Ligand code: DAH
């Protein structure tokens, strides 16, 4: 019977090849080829399963004997090789192979610190989906369809089988989490979001199509711009780890706040020739627009709040003196290792 021959040949081959394996790698290769999950033994098992029932009674013991012989040959070879390894003298003077521990990406590092600073001020950490509805990204933030403010944020629109063309998009800012949060929260509350956002941008030294933003918002009673400025100062002092941060507010327009401001910072002790000694635009902020509160089911007569949003990469660049945003999303480990927390061993 052909299968009997095959089984005998398999046994002989297993015994010879396991006995000949000279090192653990060779042993493993033979194991995979003969008794691994896709090996020769599995093929024989399939042939056995397909054999006519009247042949199986005779074939069964032959098949089992072949299996056992292969396993025994494998175990014997394994024992032989491990005994040989123990006999090897150990040279303690050999240099140890250098190991590198991974390090935390500078953006992740600052993201974790942002969450920590805000948690210490009683903020809840939240996030929302990257694929967002037009409604949350724009409409409920007081940016209706056809409003020119939409053009400020170059958008990746998505088609969706149920929601149609343009109802969904890759969120252009973490402000979308404001409008998502309001209907679910009862004031007073404070939240911070650190997340990825997407813009249909050409990539250069200061723009990327995928980056990260921090969004903070707080709703309570008797909240003023002074609370907002105090919060921003606390955040920047903690994150930039410097005592020379100067902050300036300029009136600006964002549809979801009124009044709205742009915050600039400069570092008074930085080298006067560097860009960090000059005013740098860092974030947008303001008092949450009554329309935005109303759209979220919050009574603007009873509650007020502030919101702010900033690019995380910008913050990392200031902190580490990095001139090009592409360093951070590029995969060049030589650059990233310089900024990582955690060191090479
Ligand atoms: N969402 C704005 C952007 O991506 C940033 C921003 C500005 C957020 C003002 C705010 C704000 O919360 O109050 O450009």
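Are any residues in the range 208-248 under 21 Å from residue 138 (Cβ atoms) and within 28 Å of the chain's Cα centre (by Cα), and if so, which ones? 209, 210, 211, 212, 213, 214, 215, 216, 217 - these are the residues of the range 208-248 that are under 21 Å from residue 138 (Cβ atoms) and within 28 Å of the chain's Cα centre (by Cα). Residues that are buried (at least 16 other Cβ atoms within 10 Å of the Cβ), on the phi < 0 side of the Ramachandran plot, at pLDDT 95 or above and part of a helix (DSSP H, G or I) do not occur anywhere in the range 196-211.
Taking the stated definitions as given, is residue 319 more than 10 Å from the ligand (Cβ to nearest atom), more than 19 Å from residue 188 (Cβ to Cβ) and outside any loop (DSSP other than H, G, I, E, B)? Considered against the rule, which asks whether it is more than 10 Å from the ligand (Cβ to nearest atom), more than 19 Å from residue 188 (Cβ to Cβ) and outside any loop (DSSP other than H, G, I, E, B), residue 319 comes out as yes. If you check 111, 167 for being away from the ligand (no atom under 16 Å from the Cβ) and not in a strand (DSSP E or B), only one passes: 111. Take the conditions in contact with a strand residue (DSSP E or B) (Cβ under 8 Å, 6 or more places away or on another chain), at pLDDT below 95, assigned to a strand (DSSP E or B) and away from the ligand (no atom under 16 Å from the Cβ) and apply them to residue 246. Does it pass? Spelling it out, residue 246 is indeed in contact with a strand residue (DSSP E or B) (Cβ under 8 Å, 6 or more places away or on another chain), at pLDDT below 95, assigned to a strand (DSSP E or B) and away from the ligand (no atom under 16 Å from the Cβ).
Filter the range 290-316 for residues that are in a helix (DSSP H, G or I) and within 11 Å of the ligand (Cβ to nearest atom) and give the result. The one that is in a helix (DSSP H, G or I) and within 11 Å of the ligand (Cβ to nearest atom): 292.
Just one of 180, 165, 184 is more than 17 Å from residue 284 (Cα to Cα) and in contact with a helix residue (DSSP H, G or I) (Cβ under 6 Å, 6 or more places away or on another chain); which is it?
Details: 165 fails: in contact with a helix residue (DSSP H, G or I) (Cβ under 6 Å, 6 or more places away or on another chain); 184 fails: in contact with a helix residue (DSSP H, G or I) (Cβ under 6 Å, 6 or more places away or on another chain).
None of the others qualify; the one that does is 180.
So which of 326, 314, 334, 319 ends up being modelled with pLDDT under 85 and surrounded by 15 or more Cβ atoms within 10 Å (Cβ to Cβ)? Steps first, please.
On the way: 314 fails: modelled with pLDDT under 85; 334 fails: surrounded by 15 or more Cβ atoms within 10 Å (Cβ to Cβ); 319 fails: modelled with pLDDT under 85.
Result of the check over 326, 314, 334, 319: 326.
Residues in the range 117-137 that are closer than 20 Å to residue 212 by Cβ, surrounded by 14 or more Cβ atoms within 10 Å (Cβ to Cβ) and free of Cβ contacts under 8 Å to residues at least 60 places away in the same chain: 129, 132, 136, 137. So is residue 153 in the same structural domain as residue 312 (by TED's automatic domain parsing) and within 21 Å of residue 207 (Cα to Cα) or not? So residue 153 fits the description; yes.
Only one entry of 287, 235 meets the criterion of being within 16 Å of the ligand (Cβ to nearest atom), assigned by TED's automatic domain parsing to the domain that holds residue 320 and in a helix (DSSP H, G or I), and that entry is 235. Tell me yes or no: at least one residue of the range 83-104 is outside any helix (DSSP H, G or I) and touching a strand residue (DSSP E or B) at 6+ places or on another chain (Cβ under 9 Å). Yes: the range 83-104 contains one or more residues that are outside any helix (DSSP H, G or I) and touching a strand residue (DSSP E or B) at 6+ places or on another chain (Cβ under 9 Å).
The values are calculated or read from the model by the stated rules, or taken from the named source; none is laboratory data. Just so we're clear, the structure is a prediction, and the values are computed from it rather than from any experiment. Every residue, glycine among them, receives a Cβ derived from its backbone with ideal geometry; neighbour counts consider all protein chains shown.
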